[in-house]
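First up is the structure itself, then whatever we jot down about it.
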Amino acid sequence: LAKTTQPISMDSYEGQEVNITCSHNNIATNDYITWYQQFPSQGPRFIIQGYKTKVTNEVASLFIPADRKSSTLSLPRVSLSDTAVYYCLVGPMDSNYQLIWGAGTKLIIKP
Amino acid sequence: DTEVTQTPKHLVMGMTNKKSLKCEQHMGHRAMYWYKQKAKKPPELMFVYSYEKLSINESVPSRFSPECPNSSLLNLHLHALQPEDSALYLCASSQQRFTANEKLFFGSGTQLSVL
């Protein structure tokens, strides 16, 4: 099973673009990469998911290089409300319960 | 309705008590999950129900007993818990199991304190 490594914490300022990188060196061929956001005293919320190259939705972008050994979550023009913990997950497309959660990155946005 | 509703939001119980956590979703999802989350840690999977049948039990102690009365409801019965069981208990659902490219929808959790 793939293991993920991500920074423990990051700081940024309102209006900036924030990039959070996750390392998953032994990712398997059939593994997807997923990111969740969690606010204090709430459950995680799905942000984005991808398999390769670039995925974009209304909230974020996910960049995955060709070797898939890492991925970068990009949050454009962050606001104070983006302060949260961001989890990188890796798991096979045929088994949801085998999702491996990263330790999470605490992102603090300053005014 | 894209919500997973958990009750109660907070629970304090003694080690000899019996209590239950409840989870409800009306999205027609057929997979439901219980996770345990300690402070500053990622969620840890406890149980998975698929089509109302227990599919996965991640070696959880028997003092935690899950129940899925129907496709919309999931309960977690608690008995003789230990102080180290204090944590945020999260319920989640997804359309079906065995597809990691599906979203997990989480409730807000029950913050449990065992005295």
Once the in-chain neighbours fewer than 8 apart are removed, the lysines whose Cα is under 16 Å from A:Lys54 read A:Lys69
When the Cα centres of the range A:84-111 and the range B:1-27 are compared, how far apart do they sit, in Å? 24 Å
When the chain is fully extended, how far beyond the present Cα-Cα distance does A:Leu80 get from A:Lys54, taking 0.36 nm per residue of separation? 6.8 nm
Would you mind checking which residues have amide H under 5 Å from A:Arg45's amide H? H placed 1.01 Å from N; only 5 or more apart, or other chain. A:Gln37, A:Gln38
Residue by residue, what Karplus-based ³J(HN,Hα) values in Hz, rounded to whole numbers, does the range B:21-32 have, using 6.51, -1.76 and 1.60 with θ = phi - 60° and x for Gly and Pro? 9, 10, 9, 9, 9, 10, 9, x, 6, 10, 10, 9
Under a no-solvent Debye model with one identical scatterer per Cα of the protein assembly as shown, what's log10 I(q)/I(0) at q = 0.09, 0.14 Å⁻¹? -0.37, -0.88
Would you please give the residues with an amide H less than 5 Å from that of A:Gln16, counting only those at least 5 places away or on a separate chain, with H modeled from the backbone geometry? A:Val78
Cα-Cα longer than 18 Å, checked against A:Lys106/B:Lys38; A:Lys110/B:Lys41; B:Lys9/B:Lys38; A:Lys106/B:Lys22; A:Lys110/B:Lys38, kept in input order, equals A:Lys110/B:Lys41; A:Lys106/B:Lys22; A:Lys110/B:Lys38
Fewest first, what order do B:Glu44, A:Glu17 take by the number of other Cβ atoms within 10 Å? A:Glu17, B:Glu44
Residue-by-residue Karplus 3J(HN,Hα) for the range A:98-111, coefficients 6.51, -1.76, 1.60, Hz, glycine and proline x: 8, 4, 9, 8, x, 6, x, 10, 7, 9, 10, 9, 9, x
Fewest to most neighbouring Cβ within 10 Å: what's the order for B:Val48, B:Val12, B:Val114? B:Val12, B:Val114, B:Val48
Once phi for every residue in the range A:16-23 is put through the Karplus expression 6.51 cos²θ - 1.76 cosθ + 1.60 (θ = phi - 60°), the whole-Hz ³J(HN,Hα) values, with Gly and Pro written as x, are 7, 8, 10, 10, 10, 9, 10, 9
For A:Met10, distant residues with modelled amide H under 5 Å away: A:Lys106, A:Leu107, A:Ile108
Between the range A:1-63 and the range B:70-101, how far is it from one alpha carbon centroid to the other, in angstrom? 24 Å
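Readers should treat all values here as calculations from the given coordinates under stated rules, not as data from a laboratory. Here the structure is a predicted model, which is why all the values come from computation and not from measurement. Glycine gets a Cβ as well: all are built from the backbone with ideal geometry, and neighbour counts include every protein chain shown.
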